[in-house]
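The values are calculated or read from the model by the stated rules, or taken from the named source; none is laboratory data. Not measured: the values here are computed from a predicted model. Here the Cβ is made from the backbone with ideal geometry for all residues, glycine too, and neighbour counts use every protein chain on show. These accessible areas exclude ligands, DNA and RNA; they are computed on the full protein's heavy atoms, side chains included. Shrake-Rupley method; radii C 1.70, N 1.55, O 1.52, S 1.80 Å.
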Amino acid sequence: MPELYDVAAIGNAIVDVIAPCTDAFLTENGLTKGAMMLVDPEASSRLYSKMQQAVEASGGSAANTIAGLASFGGRGAFMGKVADDQLGRTFAQDMRRIGARFENAPLKGGPATAVSMINVTPDAQRTMCTYLGASVQFTDDDVDQDTVEAAQIVYLEGYLFDAEAARRAFAKAAAFAHGAGRRIALTLSDSFVVERHRGGLLGFIETQVDLLFANEAELLALFETDSFDEACEALRTRCDLAAVTRSDKGSVILSQGERLTVRAEPVEKVVDTTGAGDQYAAGFMFGLSRGRPLQQCGQLASLAAAEVISHYGPRPQVSLKDLAASKGY
């Protein structure tokens with residue numbers, strides 16, 4: 001089958017509600033700074049009523065990555081589940097507006113479209129409370145074989161490991177992808193996800209994953225160590241290619257005995273770290289799908305991450321294609 005997409009992603013289809021807050025606000029509401037917590041619809045509504053004026057935008061980790069890919073000029077597809085409601089229609093319209101394929105049928109008669117309440121403290125840390133709603137109704141029946149087989153890279157969002165049906169969908173997607181000679185990429189998503197599913201994630205990484213994305217905290221949690229170098233060595237034996245982000249320390253790319261360090265792109269002021277990892281993955285996979293050297297893949301990734309943390313919201317506000325051209329990447 002011809003390659004129609006650079007990346008096809010599977011993830012939670014979520015609408016993000018992003019607002020500034022104080023550390024005291026987090027304490028008053030029993031929130032763990034920097035974490036992603038799952039909440040029921042009642043708790044989500046209560047928190048929403050207490051938040052400051054917010055920015056509302058279509059989000060979800062893997063969907064944000066596809067938006068970043070499109071901003072680079074890449075061809076993307078997304079698979080995820082929304083409800084047959086206004087937020088679900090808005091999400092679908094937003095994905096199609098950026099040129100991404102999104103054809104999963106909306107859920108009828110079930111929970112509402114997922115919402116993530118994201119509170120951002122002055123140090124730009126984001127604390128997320130997510131009602132997963134319809135997004136967890138994604139099953140292996142929603143995996144489109146043609147789309148998977150037509151993508152150079154199939155990108156899986158680690159947050160979905162919380163749902164058994166989605167884990168079956170991952171296995172099905174991996175079988176389709178590898179059968180067609182495509183790559184499977186996985187992002188670990190969150191340290192708490194890693195702690196809940198360490199065994200399952202390690203098994204999936206060792207047997208199915210060609211490219212892994214993680215941040216330093218997630219990697220340390222995966223291998224239960226305080227040593228970054230030890231964790232890198234442990235990962236090297238389990239995965240052909242990995243990119244590990246380290247905030248202002250840049251990132252490390254591990255590939256077949258090679259270890260590359262990529263500096264972080266300078267940012268005048270960090271406003272909101274929401275979406276930084278998502279956009280890093282977008283830049284890296286765009287470069288990889290276009291045959292760029294790994295060092296340049298990392299530079300594109302760092303550039304995309306730097307752009308998104310300079311403003312509120314998890315998606316680029318300028319053309320990443322133009323930005324990359326201005327830097328000579």
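Descriptive notes on the structure:
- D (Stokes-Einstein, µm²/s), Kirkwood Cα radius, region 181-256, 1.567 mPa s at 4 °C: 106 µm²/s
- Estimated D of region 95-161 in µm² per second, where Rh is the Kirkwood radius over Cα pairs and Stokes-Einstein applies at 10 °C, 1.306 mPa s: 108 µm²/s
- Note on LYS50: lysines with a C-alpha under 19 Å away, same-chain residues under 8 apart excluded, are LYS33.
- The residues packed around ALA231, meaning those with a beta-carbon under 12 Å from its beta-carbon, carry a net charge of -4 if Lys and Arg are +1 and Asp and Glu are -1.
- Computed lengthening from LYS50 to LEU4, 0.36 nm per intervening residue step minus Cα-Cα distance: 12.1 nm
- Estimated purely from DSSP H runs of n ≥ 4, each contributing -39500 (n - 2.57), the mean residue ellipticity at 222 nm for the chain is -11500 deg cm²/dmol once divided by its residues.
- Compactness relative to 2.2 N^0.38 Å, alpha carbon Rg of region 104-262: 1.10
- Relative packing of peptides 76-86, 274-284, 172-182, 24-34 - highest average C-beta neighbours within 10 Å first: 274-284, 76-86, 172-182, 24-34
- Total charge dipole magnitude, region 129-192, about the Cα centre, Cβ charges on Lys, Arg, Asp, Glu only, Debye to nearest 20: 240 debye
- Share of carbon and sulfur in the accessible heavy-atom surface of the chain [1.4 Å probe, %]: 47 percent
- Evaluated with a Cβ-only charge set (Lys, Arg +1; Asp, Glu -1), region 49-193 carries a dipole of roughly 240 debye about its Cα centre, given to the nearest 20.
- A dipole drawn for the chain from +1 and -1 charges on Cβ atoms has a positive end, and of VAL17, PHE286, LEU47 the residue lying farthest that way is PHE286.
- FRET efficiency estimate (nearest 0.05) - Cβ-Cβ, GLU28 to LYS108, R0 30 angstrom: 0.20
- Extension gain from ASP141 to ASP248, taking 0.36 nm per residue of separation minus the Cα-Cα distance: 34.5 nm
- In this simple spin-label approximation, ALA217 and LYS327 carry label points 7 Å from Cα along the Cα→Cβ vector, and these lie 2.4 nm apart.
- Computed over region 237-305, Kirkwood Rh from alpha-carbon pairs, angstrom: 12.1 Å
- Other residues within the sphere of radius under 10 Å centred on the Cβ of VAL15, judged by their own Cβ, net out at -3 (K and R +1, D and E -1).
- Each of ALA306, GLY257, ALA150 was placed along the dipole of the chain (beta-carbon charges, centred on the mean Cα), and the one lying farthest toward the positive end is ALA150.
- Listed by chain and number, the lysines placed with their C-alpha closer than 16 angstrom to that of LYS327 amount to none; residues fewer than eight positions away on the same chain are left out.
- Equivalent ellipsoid semi-axes, region 177-329, via Cα gyration tensor eigenvalues times 5, rooted, Å: 25, 18, 14
- Antiparallel %, DSSP beta bridges [both residues in region 204-315], to 5: 65 percent
- Projected over all directions and averaged, the alpha-carbon convex hull of the chain occupies 15.3 nm².
- Inter-label distance for SER319 and ARG89, nm, one decimal - labels placed 7 Å from Cα along Cα-to-Cβ: 3.2 nm
- Summary value for region 198-329: 18 percent relative contact order, contacts being C-alpha pairs under 8 angstrom separated by 6+ residues.
- Between ARG238 and THR225, the modelled labels are 1.1 nm apart [label points 7 Å from Cα along Cα→Cβ].
- Using Cβ point charges alone (K and R +1, D and E -1), the dipole size of the chain about the Cα centre works out to roughly 640 debye.
- Considering only SER116, GLY60, PHE102, and ranking their Cα positions along the charge dipole of region 28-119 that arises from unit charges at the beta-carbon of Lys, Arg, Asp and Glu, the one farthest toward the positive end is PHE102.
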